[in-house]
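Step one of this worksheet: look at the structure below.
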Amino acid sequence: MDRITLKKIEVFFRNKFKNKNIKLEGRANKDDSAEVLINDEFIGVIFEDNEDGETCYQFNMTILKEDFEE
């Protein structure tokens, strides 16, 4: 994803979740996805999906059982 798209998604996430510490970073050798971080901690990946002439974005976050114990 280009920088403009990353910034738009970042602003969307910041507004939606009311958290200005959300940041998106491009992934090396991947132009269809970006890492999502909060306070520089990786929380998930957002993927760009272009199908049937429409573009959408899918956010994937894995939660490990061990994370509940923190």
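Taking the Cα centre of the chain as reference, the dipole from Cβ charges on Lys and Arg (+1) and Asp and Glu (-1) amounts to some 500 debye.
Around Q58, with a cut-off of 9 angstrom between Cβ atoms, what is the net charge of the other residues, counting Lys and Arg +1 and Asp and Glu -1?
So the surrounding residues net to -2.
Against the chain, whose longest principal axis comes from its Cα atoms, helix 3-16 is set at around 50 degrees. Under 5 Å from the amide H of G44 lie the amide H atoms of V36, each residue being 5 or more positions distant or on a separate chain, with H modelled from the backbone and absent for Pro and chain starts.
Taking the beta-carbon count within 10 Å as an exposure proxy, list V36, V45, V11 from fewest neighbours to most. Numbers along the way, then the final one.
Working: V36 21, V45 17, V11 13.
Arranged by neighbour count, lowest to highest, V36, V45, V11 become V11, V45, V36.
Expressed as a fraction of 2.2 N^0.38 Å, the C-alpha radius of gyration for the chain is 1.18.
Would you list I38, I22 from fewest to most Cβ contacts within 10 Å?
By the 10 Å Cβ count, ascending, the order reads I38, I22.
Cα centroids of the range 1-20 and the range 37-68: how far apart, whole angstrom? Cα centroid to Cα centroid, the span is 12 Å.
FYI, it's all coordinate maths here, none of it is from the lab. Since we're looking at a predicted model, the values are computed, not measured. As a convention, Cβ positions derive from the backbone with ideal geometry for all residues, glycine included, and neighbour counts pool all protein chains shown.
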